[in-house]
Amino acid sequence: MKRLDGTVALVTGASSGIGEATAEQLAARGAAVALAARRADRLDAVAARIRSAGGTALVIEADVTDQAQAVSAVEHTVAELGRLDTLVNNAGVMLLGPVVGAPTEEWDRMVRVNLLGLLYCSHAAVPHLIRAASDGSRGVADLVNISSVAGRVPRSGSGVYNATKFGVGAFSESLRQEVTQKHVRVSLVEPGATDTELRGHNRPEVMETIMARFKDVEPLQAEDIADTVLYIVTRPRHMSVNELLVRPTEQAG
């Protein structure tokens, strides 16, 4: 894979899981990385590992569901690190369960994080990405949205999560058409079952259903999806990976 020296990446949801692994892999390839999430203590630990390996890391405590904080995260990245070549919209939450009788505050949370947070960060970042594509040595910039297999396959018990992830896919394709002539690549990554904290936020009865469904499936690891993101952003300028669905080998649906 090509090096990313001289580039700057912002990763949201970087305090754990896919975001943490992605930030570390981007830094290992030479990118200066801004780490955004709500848990500053966790971000500090990730940043310390990146720096100890010789990389550059900027910690940004931010809740991307607040538009002012999302904009500030982008602007702080550019102010401190000089530019923005890559945005990885990874922050997300998965709260499953039937629609009937659902606690609708879970729906609100998913819409705010999975959709609004991604929209706010993208809106703030796109002008900087366009600029980076026009004045950088690579001649290209990347916006990578982390979605889910749930953005392709509706399933009982996942209705609102499906709705948010289908929305991410629709937004990504529309934005791609808008900025592709400016050499900003918009890519969608759709992981299947992945061993992260994401599923652990569900109610106990929902967790039982999830565990039963995937009991015979060896899940993906966060590093697998980070490696997928790295593949996308290291392609040559003329090549854009629009969408990648990555499932565990044993996952049927």
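The values are calculated or read from the model by the stated rules, or taken from the named source; none is laboratory data. Small disclaimer: the values here were computed from a predicted structure and weren't measured. Methodologically, a virtual Cβ is constructed for each residue, glycine included, from the backbone with ideal geometry; neighbour enumeration extends over all protein chains shown.
Residues that are closer than 25 Å to residue 207 by Cβ and assigned to a helix (DSSP H, G or I) occur at least once in the stretch 39-51.
The residue pairs whose first member lies in the stretch 93-112 and is closer than 22 Å to residue 15 by Cβ and β-branched (Val, Ile, Thr), whose second member is surrounded by 12 or more Cβ atoms within 10 Å (Cβ to Cβ) and at pLDDT 95 or above, and whose beta carbons are closer than 7 Å, counting only pairs six or more residues apart or on different chains, are 93/109; 93/110; 93/113; 93/114; 111/164. Cβ separations smaller than 9 Å between residues 6+ apart or across chains give the following pairs from the stretch 74-88 residues that are under 16 Å from residue 63 (Cα atoms) and of a type in the set (D, E, K, R) to residues that are surrounded by fewer than 24 Cβ atoms within 10 Å (Cβ to Cβ) and modelled with pLDDT of 95 or more: 75/124; 75/128. Hey, can you tell me all the residues within the stretch 104-139 that are touching a Gly at 6+ places or on another chain (Cβ under 7 Å) and surrounded by fewer than 18 Cβ atoms within 10 Å (Cβ to Cβ)? Scanning the stretch 104-139 gives a single hit, 137. Report yes if some residue within the stretch 230-239 is in contact with a Ser or Thr (Cβ under 9 Å, 6 or more places away or on another chain) and either modelled with pLDDT under 95 or farther than 19 Å from residue 12 by Cβ (or both); otherwise report no. Taking every residue of the stretch 230-239 in turn, none turns out to be in contact with a Ser or Thr (Cβ under 9 Å, 6 or more places away or on another chain) and either modelled with pLDDT under 95 or farther than 19 Å from residue 12 by Cβ (or both). Considering 64, 59, 78, the condition of being within 17 Å of the chain's Cα centre (by Cα) and farther than 19 Å from residue 197 by Cα is satisfied by 59 alone. Only residues that are among the aromatic types (Phe, Trp, Tyr) and under 15 Å from the mean Cα position of the chain (by Cα) were counted in the stretch 196-253, giving 1. Against the conditions (1) in contact with a helix residue (DSSP H, G or I) (Cβ under 7 Å, 6 or more places away or on another chain); (2) more than 22 Å from residue 176 (Cα to Cα); (3) surrounded by 21 or more Cβ atoms within 10 Å (Cβ to Cβ), residue 77 satisfies every one except (1). Taking the stretch 142-160 only, how many residues are closer than 30 Å to residue 237 by Cβ and out of contact with any Pro (no Cβ under 9 Å at 6 or more places or on another chain)? Summing the residues that are closer than 30 Å to residue 237 by Cβ and out of contact with any Pro (no Cβ under 9 Å at 6 or more places or on another chain) in the stretch 142-160 gives 6. In the stretch 79-125, of all residues being touching an Asp or Glu at 6+ places or on another chain (Cβ under 8 Å), of a type in the set (A, V, I, L, M, F, W, C) and more than 19 Å from residue 26 (Cα to Cα), the one that is modelled with the highest pLDDT corresponds to 124.
Is it the case, given these coordinates, that residue 222 is free of Cβ contacts under 8 Å to residues at least 40 places away in the same chain, more than 18 Å from residue 118 (Cα to Cα) and among the small types (Gly, Ala, Ser)? Steps first, answer last, please.
Values: free of Cβ contacts under 8 Å to residues at least 40 places away in the same chain: no; more than 18 Å from residue 118 (Cα to Cα): yes; among the small types (Gly, Ala, Ser): yes.
Taking the combined requirement at face value, the residue does not satisfy it.
Report whether or not residue 137 is more than 16 Å from the chain's Cα centre (by Cα), assigned to a loop (DSSP other than H, G, I, E, B) and small (Gly, Ala, Ser). So residue 137 passes the test.
Of the residues making up the stretch 80-121, those that are in a helix (DSSP H, G or I), in contact with a helix residue (DSSP H, G or I) (Cβ under 6 Å, 6 or more places away or on another chain) and closer than 17 Å to residue 157 by Cβ number 3.
Within the stretch 140-253, considering only strands (runs of 3 or more DSSP E) that don't extend past its boundaries, which have at least 2 residues that are buried (at least 20 other Cβ atoms within 10 Å of the Cβ) and in contact with a helix residue (DSSP H, G or I) (Cβ under 8 Å, 6 or more places away or on another chain)?
On the way: elements: 141-146, 184-191, 243-246.
In the stretch 140-253, the matching strands (runs of 3 or more DSSP E) lie at 141-146, 184-191.
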